[in-house]
Amino acid sequence: MQLVLNLAVDHGAYNIRVNAIAPGLIQTNFARALWEDPEILKRATSRAPLQRIGQPEEIAGAAILMASDAGTFLTGQTIVIDGGQTIT
């Protein structure tokens, strides 16, 4: 997150935007060991407000925002997409 901030400051004058997405537990092959085991999945999602695992397409919207004209004034930000896990 700090790298995003530093790069945004360093490159902003060149109209280069720097942002990041910090995903929570998303149902991908990378996290398969966590979501295939029902007990691990229950522990991982029970405290999150949405109490479920995220889907890859739920990350896509933020990526599209960052890459589109709708995000041209967005820089130096990390968007956390984790079903609320980090607020509990």
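What follows draws every value from the coordinates through simple rules; no lab data is involved. The structure presented is a predicted model; accordingly, all values stated were derived computationally and were not measured.
What is the angle, in °, between the Cα long axis of helix 57-67 and the longest principal axis of the Cα atoms in the chain? Nearest 10 is fine, range 0 to 90. It is inclined by approximately 10 degrees.
How long is the gain from residue 29 to residue 13 if the chain were fully straight, where each residue apart is worth 0.36 nm and the alpha carbon distance is subtracted?
1.9 nm
Computed on the chain, with alpha-carbon pairs under 8 angstrom and 6+ residues apart, the relative contact order is 45 percent. Helical content alone sets the calculated 222 nm signal of the chain at -10000 deg cm²/dmol, taking -39,500 (n - 2.57) per DSSP H segment of four or more residues and averaging over every residue.
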